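Can you keep this structure in mind? I'll have questions shortly.
Computed from the coordinates by the stated procedures, all read-outs in this text should not be read as laboratory data. No experiment lies behind these values; they were computed from the predicted model shown. Cβ placement follows ideal geometry from the backbone for every residue including glycine, while neighbour counts extend to all protein chains displayed.
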């Protein structure tokens, strides 16, 4: 018969620094084994390389977080009249009228048409 003696206070404890990466089997620590409240620092993670597919459609990312879009005419499919400074809703002009701007004089209460000669 072999007699084994141990201190109950030491059962289930591991000395600080005794567990190292080299002593862990590959895949021993997985996402499932990390506690949800672990609060792992971003600096402890590999580069995330986030792509468009990783961003939730409801993410509500602030415009200030985006690079300048440098929008050009080819990027615009349609735009409402209310979004254009000095624009007037209507059918526009045709023929040789060459109207460039329509305005209202609150002093004379007249419509003013600017046009090319």
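For labels at residue 60 and residue 26 in the simple 7 Å Cα→Cβ model, what's the distance in nm?
Distance between label points: 4.4 nm.
Between residue 68 and residue 105, 0.36 nm times their residue separation minus their Cα-Cα distance comes to what?
Gain on stretching residue 68 to residue 105: 9.5 nm.
Mind computing the radius of gyration and Dmax over the alpha-carbon atoms of the chain? Å is fine for both.
35.0, 117
I want to verify a result. In a Gaussian network model of the chain, Cα cutoff 10 Å, which of these has the top mean-square fluctuation: 11, 102, 34?
Maximum among the listed residues: 11.
Counting pairs of alpha carbon atoms under 8 Å apart in space and at least six apart in sequence, what relative contact order in percent does the chain give?
Numbers: 33 pairs, mean separation 11.8, N = 117.
That works out to 10 percent.
For a bin width of 5 Å, list the pair-distance distribution of segment 1-44 built from all Cα-Cα distances, rounded to whole %.
5, 12, 14, 20, 21, 10, 9, 5, 3, 1, 0
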